[in-house]
Every structure is written in C-alpha cells, then in structure tokens.
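Peer 1: So that we are looking at the same thing, I have put the structure below in structure tokens.
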Amino acid sequence: DLTGSWALTKQLKLRAGVLNLLDKDPPFSNQAYFFLAGYDPSYTDPRGRNAFVSVTYSFR
C-alpha cells in the first residue's frame, strides 16, 4: 500500500493512495468461517490494485 496526504491550505487537505500497489494475489487460506474459499476477507481483499483520492475542507 502507498498513501499520502497534503495540506494545501489550513482548511483544504488532499489525500490519495493505491491499495495493493504491486497487485499481488491474497495468500491462500483454508478457513470456512466466512463461507469463502481460498482467502480470509478479514486480512485481505481479492479485488487487486485500487486507487483512491479524497478532499477534505474544514470551515473552521
């Protein structure tokens, strides 16, 4: 994972990142608690690489 945030002004903040930057498959898990075969969703996400951006503005 790679994330970063920048304070553009006192009120305006920008945040961006990439989850699963190297696009690796989740490790195999033989658990059956969540009724999902092959991985444990409490530790990993099988969707691969994801990116996000968020902007926060404070009115104070």
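A short reminder: the numbers here are calculations on the coordinates, not readings from a lab. Quick caveat, the model's predicted, so the values are computed rather than measured. All Cβ positions, glycine included, derive from the backbone under ideal geometry; neighbour counts span all protein chains shown.
Peer 1: Could you point to the label whose value was computed as Rg and Dmax of the Cα atoms in Å for the structure here, given (i) 12.9, 40; (ii) 10.6, 35; (iii) 16.7, 50?
Peer 2: (iii)
Peer 1: Another question, then. Give the residue list of trypsin sites (Lys or Arg not before Pro) in the stretch 1-30 that are DSSP loop and have at most 12 other beta-carbon atoms within 10 angstrom.
Peer 2: Lys10, Lys24
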